[in-house]
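Beneath this line is the structure, given in C-alpha cells, with notes to follow.
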Amino acid sequence: MVDDYEVARTTVRELLRWHELKVCGEAKDGKEAIQKVKELNPDVVLLDVNMPVMNGMQAALEIRRIAPRTKILFLTVIGPDEARAGARLLADGYVTKSAAGTELIPALQNLLPTSLKPKN
C-alpha cells in the first residue's frame, strides 16, 4: 500500500484487515514503493497517484518493469477521467478514495489470485 498520508494508509489497512486481506508492506512515496516491491514481491500494489518524491504514475511504470506479474490498483483522489486514463496505460484498475468504502474490496478481490481471496 502506497500513500503519502499515514492516516490514509491506516484507514485502508484497517478496512482490508476487516475483510481478511493482508497488507505485506507500506510506503509513503513511489520511490519507496519500488523498493518494497523488490523486497516483498506483492500480488497487488495499492498506489496513490499524487505523492512527493515520485508520483504513482512514475512508480507504476517502474513496477511494471521490475514486477510484471504484480497487479496495480490506483487508489486516488484524482478525477475518474484522469484515473481511468492512467489505469488503462499503467494499472489494472482504479478506485477513487471517496468510493473506497464500497468499491475497494470488490476491486481488490477481482485482482487477487483465487487462493488469496477471503472465504466469505
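The values are calculated or read from the model by the stated rules, or taken from the named source; none is laboratory data. Because the structure is predicted, anything quoted here is derived from the model rather than measured. Methodologically, a virtual Cβ is constructed for each residue, glycine included, from the backbone with ideal geometry; neighbour enumeration extends over all protein chains shown.
Here is how the numbers come out for the structure above:
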quantity: Conditions (1) modelled with pLDDT of 95 or more; (2) surrounded by fewer than 19 Cβ atoms within 10 Å (Cβ to Cβ); number of the one not met by HIS19; calculated: (1)
quantity: Residue match in the range 90-97 (condition: out of contact with any strand residue (DSSP E or B) (no Cβ under 8 Å at 6 or more places or on another chain) and either in a loop (DSSP other than H, G, I, E, B) or not polar (S, T, N, Q) (or both)); calculated: no
quantity: Residues satisfying the stated conditions in the range 12-27, i.e. part of a helix (DSSP H, G or I) and touching a residue at least 24 places away in the same chain (Cβ under 8 Å); calculated: VAL12, LEU15, LEU16
quantity: From the options THR11, THR70, residue that is modelled with pLDDT of 95 or more and polar (S, T, N, Q); calculated: THR70
quantity: Single condition MET57 does not satisfy, out of (1) in contact with a Leu (Cβ under 9 Å, 6 or more places away or on another chain); (2) modelled with pLDDT under 95; (3) within 15 Å of ASP43 (Cα to Cα); calculated: (3)
quantity: Residue in the range 102-114 that is modelled with pLDDT under 90, over 20 Å from ASP29 (Cα atoms) and surrounded by 14 or more Cβ atoms within 10 Å (Cβ to Cβ) present; calculated: yes
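Each row is one residue, and each column tells you yes or no for (1) within 16 Å of LEU112 (Cβ to Cβ); (2) crowded, with 20+ Cβ neighbours inside 10 Å.
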| site | (1), (2) |
| --- | --- |
| THR11 | no, no |
| ASP29 | no, no |
| GLU32 | no, no |
| ASP48 | no, yes |
| MET51 | no, yes |
| MET54 | no, no |
| ARG64 | no, no |
| ILE72 | yes, yes |
| LEU75 | yes, yes |
